[in-house]
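The values are calculated or read from the model by the stated rules, or taken from the named source; none is laboratory data. Note that the structure is a prediction, hence the values are computed from the model and not measured. Every residue, glycine among them, receives a Cβ derived from its backbone with ideal geometry; neighbour counts consider all protein chains shown. Heavy atoms of the whole protein, side chains included, go into the accessibility calculation; ligands, DNA and RNA do not. Shrake-Rupley method; radii C 1.70, N 1.55, O 1.52, S 1.80 Å.
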Amino acid sequence: MSENESSAPLPQQDDPTIEPWWRRSAPLAAGASLAIGAATLWFGNMLNRVPLDQHATLSYLLMLPLLLIVPAFSSAGMRLAWLSWSGAQGSTRVLVAIVVLASVMANLLAMWRFGTALLRIFGS
């Protein structure tokens, strides 16, 4: 670099803020929330059918941190449903509302089934 050239830093361009996918597409977020609700409902129902024996309580107690993913995913699905409802605009709002209601019901039912499974496993 010669003495005549200045060593001033080049101006930096600000990165444009990119919104997350669930804010860009409310129907996609509602569909993802419904998929989360259906998957966690399936898993919650599966837990209600596990066989129980004299060592099952200890085994499930050791697995409990892993099993707590069901209410965590259901809570995330409920949050995603709320975000999709608040982000819906125009004519898609009715369609999103139907999917969001189904999603909320599936996620609440999944949490309820998980709770009854825990009562069944640890209540015996």
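Points to keep in mind about this one:
- Considering (1) within 21 Å of the chain's Cα centre (by Cα); (2) among the hydroxyl-bearing types (Ser, Thr, Tyr); (3) open to solvent by 100 Å² or more (accessible area, probe 1.4 Å), the lone condition that Ser86 does not fulfil carries the number (3).
- Those residues of segment 98-115 which are closer than 26 Å to Val50 by Cα, touching a residue at least 40 places away in the same chain (Cβ under 8 Å) and surrounded by 15 or more Cβ atoms within 10 Å (Cβ to Cβ), in sequence order: Ser103, Val104, Ala106, Asn107, Leu109, Ala110, Met111, Arg113, Phe114
- When we screen Ser84, Ser91, Ser74, Ser33 for residues that are under 15 Å from Trp112 (Cβ atoms) and among the polar types (S, T, N, Q), the only hit is Ser74.
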